[in-house]
There are 2 protein chains.
Amino acid sequence: MSLNTTITEIDNLLEKAQEAFFIFKNFTVKQRAAFMHQVADAIEALDDELITTAQAETNLPVARLQGEKGRTVFQWRSYADALQSGVVLPVRIDTALPDRQPAPRPSIRKTYTPLGPVVVFCASNFPFAFSTAGGDTASAIAAGCPVIVKAHSAHPKTSGIMAAAINGVIQKAGLPEGLFGHVYSNSFENGTYLVSHPVVKAVGFTGSHGGGKALFDLANKRAEPIPVFAEMGSVNPVFLLAQKLNNAAEEVAKQYAASLTLGVGQFCTNPGIFVAPESPALATFINTLAQQISATPAAPMLHKGIAAAYHTNKTNVLQQPAVEVIAQATEGAEGFGNAAIAITTAADFIANKKLSQEVFGPFGLLVTYKTQEEAAAIAKALEGQLTISIWGETEELADNKTLINIVESKCGRLLFNNFPTGVEVCYAMTHSGPYPSCSDSRFTAVGPDAIKRFARPVSYQNWPDALLPDELKDENVLGVWRTVNGELSKENV
Amino acid sequence: MSLNTTITEIDNLLEKAQEAFFIFKNFTVKQRAAFMHQVADAIEALDDELITTAQAETNLPVARLQGEKGRTVFQWRSYADALQSGVVLPVRIDTALPDRQPAPRPSIRKTYTPLGPVVVFCASNFPFAFSTAGGDTASAIAAGCPVIVKAHSAHPKTSGIMAAAINGVIQKAGLPEGLFGHVYSNSFENGTYLVSHPVVKAVGFTGSHGGGKALFDLANKRAEPIPVFAEMGSVNPVFLLAQKLNNAAEEVAKQYAASLTLGVGQFCTNPGIFVAPESPALATFINTLAQQISATPAAPMLHKGIAAAYHTNKTNVLQQPAVEVIAQATEGAEGFGNAAIAITTAADFIANKKLSQEVFGPFGLLVTYKTQEEAAAIAKALEGQLTISIWGETEELADNKTLINIVESKCGRLLFNNFPTGVEVCYAMTHSGPYPSCSDSRFTAVGPDAIKRFARPVSYQNWPDALLPDELKDENVLGVWRTVNGELSKENV
């Protein structure tokens with residue numbers, strides 16, 4: 001029987017989260033950052049049990065899991081450091097102008113305050129970095145919010161180990177228990193209950209469009225609507241330009257196959273659509289790609305449900321008119337995913353919405369175009385994406401301004417001669433995009449700016465200096481960057 | 001017959017807005033700022049016809065309208081300047097690390113891109129600063145978005161003059177016509193059509209809760225949900241502490257009456273709830289307040305509908321059990337609003353939700369408390385607010401930590417010994433707050449940060465330097481602040 005937390009237990013967690021909120025919101029950024037570093041250390045210190053448990057629950061290779069653990073630790077540390085710089089949650093000070101005419105200006109100072117308790121839904125495909133102690137949890141804690149995590153039913157034991165690590169830090173540091181809660185669930189009931197509860201003030205989600213949209217709708221139907229950041233994946237189109245195809249058909253095909261099949265295609269940034277020009281060189285590209293795909297051994301997917309969905313969705317696309325299979329790897333055992341690649345034309349792709357739906361797994365659809373106009377028309381027909389990649393020679397990029405202009409309006413990250421799998425955790429990252437890839441393109445799920453999802457500005461007018469939050473006091477005791485009367489500075493006021 | 005734009009005309013405006021979007025999004029921040037300064041100059045140059053038209057349509061005094069015109073011009077100029085500093089829409093550069101182990105890091109650089117065409121709904125109470133050429137329009141244009149304004153039916157001629165000024169700049173500068181559209185409406189139909197249209201990507205609104213919530217729901221029901229920033233007003237509670245009451249009962253009463261009756265109480269920051277301790281000095285406060293309120297002549301409200309709603313809503317509160325009138329000014333002619341003040345106790349206030357509803361106009365409800373705990377309980381019972389003010393002696397503020405902790409979680413702006421009417425246009429302003437005062441507390445409607453409502457981050461990975469937006473190029477040609485590998489800098493990379 002799968003683990004399940006009762007509603008009574010959830011009520012208790014929420015009550016404690018609310019209590020913790022009123023304590024934790026008064027922590028300085030320095031104190032919050034210190035807690036985050038302790039969590040990072042605790043995760044880093046977890047032994048092989050974490051890896052072997054996750055390996056058993058997710059079928060992900062050990063090396064990948066070790067890498068993901070490092071990424072998770074890095075997220076806590078780098079978000080904590082960013083929090084202390086004043087760069088992510090900007091501090092604004094406008095000093096009093098007592099002699100201003102026709103009326104004086106009072107002192108007004110703005111910082112950020114946490115939204116309230118946040119519910120985080122774990123992702124199936126990242127048991128560490130986008131789950132219990134993942135980016136959403138680290139962001140919400142950085143913002144000053146208590147977190148209640150809904151464990152993913154595919155890796156509950158892994159989730160439990162991570163939760164214990166966080167709770168261990170809380171206990172040892174004597175912090176309020178309600179700062180972190182952990183909920184198991186064997187149905188939709190617990191998630192629905194959490195998102196509908198008045199104590200909860202925001203939601204973080206990484207997963208399917210169906211799941212994310214349902215939570216988004218639920219949150220908006222509440223008496224008090226709350227923000228939901230749902231990263232719901234996309235097909236991450238790649239546009240290949242003509243000269244590059246001529247010059248590097250084999251190389252691009254090999255790199256594309258590697259990105260498409262990485263981790264059995266189980267990334268939200270998996271490049272599922274490849275748009276290429278019709279040209280004699282295309283045959284070379286296709287041949288190489290076919291060899292690579294055929295030679296990729298089928299591998300176990302995250303769980304049997306995901307593998308079954310992959311086969312169904314792939315078959316659905318392959319059965320559409322004007323779609324032909326180019327290559328398909330041999331099927332594996334139950335629960336395995338076999339890579340496949342098919343081909344269609346621009347006109348057929350644009351005419352049939354089913355061809356641009358995400359197939360979660362190592363499936364690619366090659367879409368051929370005859371002219372620059374046709375490539376632009378494909379781009380125009382696309383829904384919002386996390387990423388769009390352009391492969392070309394530098395000089396031909398300048399010749400495709402219309403295409404670039406359109407794809408900029410369709411995605412959160414634009415790549416040149418790179419494939420989108422592998423999302424760097426850094427300031428400049430946007431892991432987001434126009435709907436339906438995300439529920440709110442104005443925020444990112446990765447990088448320190450992800451903290452902004454869970455904080456809101458609050459201004460203090462004419463407030464006594466001694467009682468202001470540290471970052472707003474005349475003396476810049478935290479040494480953060482502040483915008484003082486419009487100018488960035490670290491000086492005292 | 002009132003002015004009304006046809007759906008065919010709106011379709012035409014939207015088509016042009018879409019065309020303009022793909023041109024305007026490639027303007028540099030410098031070019032956008034230049035356009036904004038031209039708009040500011042054009043508004044500033046408008047002659048007395050603007051003021052006399054607005055005066056006739058809104059009943060607002062000439063001096064107030066002249067001040068509001070200046071504020072409107074200032075918004076365009078200050079948002080344009082902020083846009084060019086890199087402070088509002090932060091630029092992030094993470095440089096390539098080709099030697100990083102186990103894998104190199106590509107160059108990743110992030111800037112902001114406009115969401116798309118934005119629909120702005122004009123407010124009744126600010127015909128300039130929150131209407132046609134108001135803060136929402138200036139913010140959306142600063143973000144790079146074309147704007148379609150829905151004129152307010154109470155001041156269509158004023159709206160037409162402002163629209164002509166903006167369109168004049170567009171024509172003179174040879175900019176795309178679709179950059180600004182202006183829609184008249186004599187029913188809900190046009191607003192509903194605009195918010196539902198796929199070309200529209202965001203909405204700005206200032207007005208009633210009913211109006212804002214309807215647009216929010218509509219936007220979330222679209223096939224592609226879009227963000228709505230709706231500022232829906234609040235009751236802006238004021239908490240008076242015991243010593244201050246003892247020391248300055250008359251002075252506080254006079255200042256409160258002035259703020260409550262300013263502009264016939266027609267501000268979203270009008271302080272409609274005044275929470276005061278039971279004490280002998282309260283009689284002095286009440287007497288002074290009663291004198292001030294009684295002596296305030298009734299004055300014409302914005303339009304007859306608003307005056308009628310004011311009388312109905314005020315009467316509804318006065319008819320509640322345990323509410324007593326303290327003072328009421330003599331009623332004026334039809335369309336006039338007369339100030340009034342009533343009193344109730346903390347327990348009655350907390351028990352009856354109707355007492356905390358906004359009464360748009362010069363009506364104040366005095367709520368008395370016996371203990372600090374009771375004051376905190378009142379704060380706890382409040383819904384989200386734009387502002388909450390504390391009046392006290394500096395030393396007693398430190399003694400009311402629980403109250404402060406609660407009110408911080410309930411509002412966007414906290415004031416000390418200030419009243420909330422008069423919203424400064426500056427970096428540190430938050431004109432926003434938890435729901436229901438606003439639809440998204442993470443953004444502000446006033447100050448340069450208001451621009452963020454209409455822009456989203458976009459990252460460029462491994463992109464050729466020459467083709468990057470100016471602010472992301474190695475050479476810092478725009479001289480903006482940029483976060484380079486985590487450090488703020490104006491240096492070249």
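Just a few scattered comments:
- Residue identified as open to solvent by less than 60 Å² (accessible area, probe 1.4 Å) and either in a helix (DSSP H, G or I) or within 30 Å of A:Ala445 (Cα to Cα) (or both) among A:Thr296, A:Thr312, A:Thr288: A:Thr288
- Odd one out for B:Val88 among (1) under 30 Å from B:Gln461 (Cβ atoms); (2) touching a Leu at 6+ places or on another chain (Cβ under 9 Å): (2)
- Of all residues making up the range A:53-84, the number that are within 16 Å of A:Thr132 (Cβ to Cβ) and of a type in the set (D, E, K, R): 4
- Within the range B:456-493, the set of residues being exposed (fewer than 15 other Cβ atoms within 10 Å of the Cβ), among the small types (Gly, Ala, Ser) and on the phi > 0 side of the Ramachandran plot comprises just one member, B:Gly479.
- So B:Thr368, is it at negative phi, within 26 Å of the chain's Cα centre (by Cα), part of a strand (DSSP E or B) and not aliphatic (A, V, I, L, M): no
- Among the residues making up the range A:211-233, those that are open to solvent by 30 Å² or more (accessible area, probe 1.4 Å) and over 16 Å from the mean Cα position of the chain (by Cα) are A:Ala214, A:Asp217, A:Leu218, A:Lys221, A:Ala223, A:Glu224.
- Of all the listed residues (A:Leu403, A:Leu365, A:Leu397), the sole one being modelled with pLDDT under 95 and either of a type in the set (A, V, I, L, M) or in the same structural domain as A:Ser208 (by TED's automatic domain parsing) (or both) is A:Leu397.
- Every residue from the range B:175-189 that is within 19 Å of B:Asp136 (Cα to Cα) and touching a Phe, Trp or Tyr at 6+ places or on another chain (Cβ under 8 Å): B:Gly178, B:Leu179
- Enumeration of residues in the range A:427-438 that are surrounded by 24 or more Cβ atoms within 10 Å (Cβ to Cβ) and in contact (Cβ under 8 Å) with a residue 40 or more places away in the chain: A:Tyr427, A:His431, A:Ser432, A:Gly433, A:Pro434, A:Ser437, A:Cys438
- Long-range neighbours under 6 Å by Cβ, at least six apart or interchain, first residue farther than 10 Å from A:Asn186 by Cα and open to solvent by less than 10 Å² (accessible area, probe 1.4 Å) within the range A:151-163, second among the aliphatic types (A, V, I, L, M) and not in a helix (DSSP H, G or I): A:Ser159/A:Ala151; A:Met162/A:Ala133
- For the range A:184-225, a residue qualifies if it is within 23 Å of A:Arg32 (Cα to Cα) and of a type in the set (A, V, I, L, M), and the qualifying residues are A:Val199, A:Val200, A:Ala202, A:Val203.
- Boolean, A:Val199 is open to solvent by less than 10 Å² (accessible area, probe 1.4 Å), in contact (Cβ under 8 Å) with a residue 60 or more places away in the chain, over 20 Å from the mean Cα position of the chain (by Cα) and farther than 28 Å from A:Gly364 by Cβ: no
- Helices (runs of 4 or more DSSP H) contained in the range A:1-85 and holding at least 3 residues surrounded by fewer than 20 Cβ atoms within 10 Å (Cβ to Cβ) and within 14 Å of another protein chain (Cβ to nearest Cβ): A:7-24, A:62-83
- Any hit, the range A:136-148, residues being under 30 Å from B:Gly67 (Cβ atoms), over 17 Å from the mean Cα position of the chain (by Cα) and in the same structural domain as A:Gly178 (by TED's automatic domain parsing): no
- B:Thr111 meets the conditions (1) surrounded by fewer than 23 Cβ atoms within 10 Å (Cβ to Cβ); (2) among the polar types (S, T, N, Q); (3) more than 8 Å from chain A (Cβ to nearest Cβ) in every case but one. The failed one is (1).
- Taking the criterion of being assigned to a loop (DSSP other than H, G, I, E, B) and within 16 Å of A:Thr296 (Cα to Cα), the only residue of the range A:255-269 that qualifies is A:Gln266.
- Being open to solvent by 50 Å² or more (accessible area, probe 1.4 Å), modelled with pLDDT of 95 or more, over 24 Å from A:Gly210 (Cα atoms) and more than 24 Å from the chain's Cα centre (by Cα) is not true of A:Ala375.
- Complete set of residues in the range A:261-284 that are open to solvent by less than 20 Å² (accessible area, probe 1.4 Å) and over 23 Å from A:Gly422 (Cα atoms): A:Pro277, A:Ala281, A:Leu282
- The one condition in (1) in contact with a Lys or Arg (Cβ under 9 Å, 6 or more places away or on another chain); (2) closer than 24 Å to A:Leu215 by Cβ that A:Ile166 fails to fulfil: (1)
- Note on the range B:86-108: among residues that are within 7 Å of another protein chain (Cβ to nearest Cβ) and closer than 18 Å to A:Cys411 by Cα, the one that is farthest from the chain's Cα centre (by Cα) is B:Ile108.
- Qualifying residue in the range A:423-434 (condition: aliphatic (A, V, I, L, M), outside the structural domain of A:Thr111 (by TED's automatic domain parsing) and more than 11 Å from the chain's Cα centre (by Cα)): yes
The values are calculated or read from the model by the stated rules, or taken from the named source; none is laboratory data. Note that the coordinates shown come from a computational prediction; the quantities given were computed from them, not determined experimentally. Neighbour counts run over all protein chains shown; Cβ positions are idealised from the backbone, glycine included. For accessibility, only protein heavy atoms count, side chains too; no ligands or nucleic acids. Shrake-Rupley method; radii C 1.70, N 1.55, O 1.52, S 1.80 Å.
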